[in-house]
Every structure is written in C-alpha cells, then in structure tokens.
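As structure tokens, the structure follows; a few thoughts come after it.
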Amino acid sequence: MNPGRQFYGCPYWKNEKKNCGFFRWVHGIVDEVDEETSTIGSSQLKLEENLRIAESKAEMRKKEKRILVEELSRLMKTQEVMLDEGRRLAYDIRLIRYHFTVVVVVNFILLVLLWQHQFVM
C-alpha cells in the first residue's frame, strides 16, 4: 500500500458496473506534465533555431537577388552599348561599300573614256 500518496481515480471505483478503471498517481501525472513541458520546450527551441536559420537564408536570398538584379542591369546596359556599336559598324560598312562602288564606277567610266580617247586619236 501507499498511504498518503495522492492519486486520481474513477469516482465510481466502489461500483463494479460503473467503474471505468481510471487510475493515476498524482506524482506520475506531474512527471508526465514535466516530461511534456520539457519536450515542448525542446521543440520550441528547435523551432526558434529553425526560424533563425530560415530568416538568415531569406536575408541571404534577398542579397543574392539584389546582386543578380544589379548584374542583370549592368549586362543590359552593356548589351545596349554593344548593339549601338554594332549599328554604327553596320552603317560604316554600308558607307564603305557605297564609296567602293562609286570608285569602281568612276574608274570604269575613266577607263572607257581613256579607251575611246585612244581610238579617236
């Protein structure tokens, strides 16, 4: 027997038909509550640590995103400069071709005139 030790039990323990059979020592319940509290506290600490890690990762992602956006902006500006340079070069090439064509035509005309002049004399 355990004289003086407190317990919780079915209030109908004297009546076999109504007795549900529930019985727990108060000290055992306190131990269970302490264990649950300890488990909850441990879980809360883990959750808080996971939250700190997640917040840290989110902050790193924000910084990475900002760096990537800046890099993309720089690359887009570089691309625009290169496109402008390409347009200028294409214009220069067309201009050179035009001048070359003019020179060839003028030379051809001069050759024809010289050739005709030779036969006329």
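Some notes on this structure:
- Looking only at segment 32-54, residues that are among the basic types (Lys, Arg) and modelled with pLDDT of 95 or more come to 1 in all.
- Options VAL120, VAL102; residue that is among the hydrophobic types (A, V, I, L, M, F, W, C), modelled with pLDDT of 85 or more and either exposed (fewer than 10 other Cβ atoms within 10 Å of the Cβ) or out of contact with any Lys or Arg (no Cβ under 8 Å at 6 or more places or on another chain) (or both): VAL102
The values are calculated or read from the model by the stated rules, or taken from the named source; none is laboratory data. Note that the coordinates shown come from a computational prediction; the quantities given were computed from them, not determined experimentally. Virtual Cβ from ideal backbone geometry, glycine too; neighbours counted across all protein chains shown.
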